[in-house]
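For reference, the structure discussed in these notes is given below.
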Amino acid sequence: MSFARSACLLLLALFVLPSTLLAQDSDPHSEEACCGFTVEGYKFYDLDGNGIMDGGDYGLGGWTIIAMDSTGTVADSTVTDSTGYWSMNTPVWCGAQLQLAEVLVPGWTQSYPGGSGVHVDYLVGCFETHGPYNFGNTPPDCQDFQRTYTTDADFIEGTLDGVVTNSDQLELSPTGTTFKYAWIANASDGTISKVDTDTGNEVARYYTGPPDPDGFYNYLSPSRTAIDEDGNCWVANRTMNGVGSVTQILVDGGDDRNSNATIETSFD
């Protein structure tokens, strides 16, 4: 090779190589480019199990989210805040495979993402934010449970009301169970009386609804009453204008508006 030809090739290399290196350095996806990005998302309670954070779904705090490389090795992790939000900064190098997963809490079923339950991506960027990479979960359906109670030992695990045990059998108690109060509707007055069943005394009387425009209550015409397991009264108002209603009156508690330490009138 002649000296002149060698010099020519050297000059060509000097002009070509810098431009090639410059092109590589300007590629934002190259390893030489700036590498720094954020991944984020939400961990949510998927109420309807549709895999989408919508409707009444809400975030779940205290769940662990992990980031893994292509080998499945954990590279970073974080815990969701009270709103279910989480984020991580550059858990793997730009362009490398990133796998995002949640640490499943026992008793929950993952609804999103489907399949393996892992988000897989290849991310690059300088101070960019990627996401949301969300994770949705629902509690499992209640499993069918069946048990047969046949012995006294089984029976006394519960609360016996009106029955007693007798040689691994249940019998009606010889002592009847009664509520302390009886509730009697006064249709023409639009009221209901609370009567102490021990003394027979009326201890309170309540209007069963608001007054009409003229200030009268008889239009309510209360009739049938029913008592729930807590002793509260439910009364059906036939209502003369044709629009019936049901009123609940608590056996205990209430707002003592007249401050006499007793709940005994409709104005309390």
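The table that follows gives values for the structure above.
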read-out: Magnitude of the charge dipole, the stretch 181-249, Cβ model with Lys/Arg +1 and Asp/Glu -1, debye to 20; value: 220
read-out: Selected from Q248, T199, Y217, residue furthest toward positive end of dipole (the stretch 181-249; charges at beta carbon); value: Y217
read-out: Environment charge at G56 (Cβ cut-off 14 Å; Lys +1, Arg +1, Asp -1, Glu -1); value: -4
read-out: Dipole magnitude (debye, nearest 20) for the stretch 36-138, charges at Cβ of Lys, Arg, Asp, Glu; value: 160
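We did not get these values from a lab; they are worked out from the coordinates using the rules stated. Predicted model only: the values in this text are computed from it and were never measured. Note that each Cβ is placed from the backbone with ideal geometry, even for glycine, and that neighbours are counted across all protein chains shown.
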